[in-house]
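The values are calculated or read from the model by the stated rules, or taken from the named source; none is laboratory data. In this text the structure is predicted, and so the values were computed from the model without any measurement. Don't worry about glycine lacking a Cβ; one is built from the backbone with ideal geometry, like all the others, and counts go over all protein chains shown. To get the accessible areas, we keep the full protein, side chains included, count just its heavy atoms, and leave off ligands, DNA and RNA. Shrake-Rupley method; radii C 1.70, N 1.55, O 1.52, S 1.80 Å.
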Amino acid sequence: MSSLNLDDFTDLIERPDGGVRRDAEARRERQVVPPGSLGRLDDLGEWLAAAQSAVPVRPVERPRVVLFAGDHKVAELGVSARPAGGAGELVREVLEGGRPVSVLARRLGVPVRVVDMGLDCDPETLPADVVRHRVRRGGGRIDVEDALTQEEAEAAFRAGMAVADEEADSGTDLVVLGDVSVGGTTAAGVLVAALCGTDASVVTGRGGLAIDDLAWMRKCAAIRDALRRARPVLGDQLRLLATVGGADLTAMTGFLLQSAVRKLPVILDGVVTVACALVGQRVAFRAPDWWLAAHDSGEPGQAKALDRMALEPLLSQGVTVGEGAGGLLALPLVQAAAALAAELPEVRDDEAAADEAAVDEAAVDADAR
């Protein structure tokens, strides 16, 4: 396998078409509802038109939830309310339809794809299409050892790229990206703190299943110790992911960057996906133009990373469960924006002329008075 050069993404990733966005803005100005009266839905419709390079914008008809799954050994320190190695059970619940993302996906008619990158369970207990990209079983305890070897990190990154290509080739037109992990928010906190140059306490949250104060202090200490290991490798993003990220976060970063290459828009869910996006921004500064922030989960690390990328969440519902649930809540907004941008009629020429005449007549009357 040839060595992976992340610098290539800087040249491969283009911004959404600015000319098309201006065309979409001009079309919006001609529609019967005044520009700006639909709030952020106007911006969303114009962003999607630029991403699709199409005016009028096409409806979002084939969205997909993609969840990367993995266990993080740092959970053995008691930083999570869930038991270490418990992500495999969560994956089974997602597949059986018993998790929030499963319920929302059924309601919205969106298929869910789970990609096991490093679950700490026997692969025979899960479907073959779920485990076929697995890099290793579990990951190293990032406060004292690397999460992955360099070879495993490259394999995970390439797996994420491959999943993005598979989705783009299959006709998926929008991805809701999420994670299924135990200990993943701790790894995400390390990445955010390292890349934003801040302390562990600033990025340490309570996690998807809220932890108590003692567990929060253990989590903060784990992030602090892992942060010491992360700082020396900040200049090498793949090595950073190998050191403190883990297979699932590394694959998500590869997925995000390759999705931007393939011009496939992505809705980011919680702190884990946003941390991976922050790494992706370090690799290719234009990449965040292809991503939307679904919601504000209340996790301090997520807020810090979104601020660094200048991404404003669409919703603020305090959803901390992860698994793409918050991302799915934002999907109808994006679909609504596309429908409004495409289907609202434009003002007819005779109506426009009548409106202009009425304005002129009002001006004359005002001068006469």
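Within region 76-163, what whole-number % of the accessible surface is contributed by carbon and sulfur, with the 1.4 Å probe and all protein chains included in the calculation? Please report the intermediate quantities before stating the final value.
Working: 1940 of 4010 Å².
Of the solvent-accessible surface of region 76-163, carbon and sulfur hold 48 percent.
Can you give the relative contact order of the chain as a percent, counting alpha carbon pairs under 8 Å and 6+ residues apart? Write down the numbers at each step before the final one.
Details: 759 pairs, mean separation 87.6, N = 369.
Reported relative contact order: 24 percent.
When the chain is fully extended, how far beyond the present Cα-Cα distance does Leu108 get from Glu61, taking 0.36 nm per residue of separation?
In short, 15.8 nm is gained.
For region 262-301, what class follows from the C-alpha gyration tensor (a ≥ b ≥ c being the square roots of its eigenvalues): rounded when a/c is under 1.5, otherwise prolate if a/b is larger than b/c, else oblate? Could you put the intermediate results ahead of the total?
On the way: a/c = 2.72, a/b = 1.48, b/c = 1.84.
It is oblate, given that a/c is not under 1.5 and a/b is not larger than b/c.
Need the full-extension length gain, Leu4 to Val321, defined as separation in residues times 0.36 nm minus the C-alpha distance. One decimal, nm. Could you put the intermediate results ahead of the total?
Numbers: separation 317, 0.36 × 317 = 114.12 nm, distance 3.32 nm.
This chain segment gains 110.8 nm when fully extended.
Label region 224-264 by shape, choosing from rounded, prolate and oblate, from the square roots a ≥ b ≥ c of the eigenvalues of the Cα gyration tensor; if a/c is under 1.5 it is rounded, and otherwise prolate applies when a/b is larger than b/c, oblate when it is not.
prolate
Where Lys and Arg each count +1 and Asp and Glu each count -1, what net charge lies around Arg224 among other residues with Cβ under 13 Å from its Cβ?
Counting the neighbours of Arg224, the net charge comes to +2.
May I ask which residue of Leu209, Ala230, Gly245 lies farthest towards the positive end of the charge dipole of region 200-246, with charges of +1 (Lys, Arg) and -1 (Asp, Glu) on Cβ and the Cα centre as origin?
Ala230
What list of ³J(HN,Hα) couplings, whole Hz, do you get for region 285-293 from phi and the Karplus terms 6.51, -1.76, 1.60, once you set θ to phi - 60° and write x for glycine and proline?
Using θ = phi - 60°, the values come out as 5, 7, 4, x, 5, 9, 10, 10, 8 Hz.
Using a 1.4 angstrom probe on the protein heavy atoms only, could you order Met161, Met117 from most to least accessible area?
Met161, Met117
Report the relative contact order of region 267-349, percent, no decimals, based on alpha-carbon pairs under 8 angstrom and at least 6 residues apart.
Worked out over region 267-349, it gives 32 percent.
Can you return the lysines within cross-link range of Lys219? Criterion is Cα-Cα under 16 Å, with same-chain partners fewer than 8 residues away left out.
By straight Cα distance, Lys219 reaches Lys73.
Count charges around Arg137 for me, please; just the other residues with Cβ under 13 Å from its Cβ, Lys/Arg as +1, Asp/Glu as -1.
Once all neighbours under 13 Å are counted, the net charge is -4.
Filter the chymotrypsin sites (Phe, Trp or Tyr not before Pro) in region 219-306 down to the DSSP loop ones having no more than 15 other Cβ atoms within 10 Å, then list what survives.
Sparse-neighbourhood loop chymotrypsin sites (Phe, Trp or Tyr not before Pro): Phe285.
Between the helical axis of 87-96 and the dominant principal axis of the chain, each derived from Cα atoms, what acute angle in degrees is found, rounded to the nearest 10?
Approximately 50 degrees, to the nearest 10.
How much solvent-accessible surface does Lys304 expose, in Å² to the nearest 10, with a 1.4 Å probe and all protein chains in place?
Lys304 has an accessible surface of roughly 80 Å² with all protein chains in place.
Could you tell me whether region 1-138 comes out rounded, prolate or oblate from its Cα gyration tensor? Rule is a ≥ b ≥ c as square roots of the eigenvalues, rounded for a/c under 1.5, then prolate if a/b exceeds b/c, otherwise oblate.
On the way: a/c = 2.74, a/b = 1.86, b/c = 1.47.
Prolate shape, in that a/c is at least 1.5 and a/b is the bigger ratio.
Express the relative contact order of region 151-259 as a whole percentage, based on alpha carbon pairs under 8 Å and six or more residues apart in sequence.
After rounding, I find 51 percent.
Given [x] 30, 52, 13, 4, 0; [y] 23, 36, 29, 12, 0; [z] 28, 59, 13 as candidate values of P(r) over Cα pairs in 20 Å bins from 0, in percent, which corresponds to the one derived from the coordinates?
So the calculated entry is the one marked [x].
Run the dipole for region 274-341 about the Cα centre, Lys and Arg Cβ at +1, Asp and Glu Cβ at -1, nothing else charged, and hand back the magnitude in debye, nearest 20.
220
So what is the accessible area of region 1-128 per residue, in Å², with the probe set to 1.4 Å?
So region 1-128 comes to 50 Å² accessible per residue, rounded to a whole number.
Sorted by average packing, counted as other Cβ atoms within 10 angstrom per residue and highest first, what order do 139-147, 306-314 take?
139-147, 306-314
By how many nm would the segment from Arg15 to Glu343 grow when fully extended, if each residue of separation counts as 0.36 nm and the alpha-carbon distance is taken off?
Additional length available on full extension: 115.5 nm.
Can you give the net charge of the other residues whose Cβ lies under 15 Å from the Cβ of Asp213, counting K and R as +1 and D and E as -1?
Summing Lys and Arg as +1 and Asp and Glu as -1 gives +2.
With labels modelled as points extended 7 Å from the Cα through the Cβ direction, what inter-label distance (nm, one decimal) is found for Ser37 paired with Ala336?
1.7
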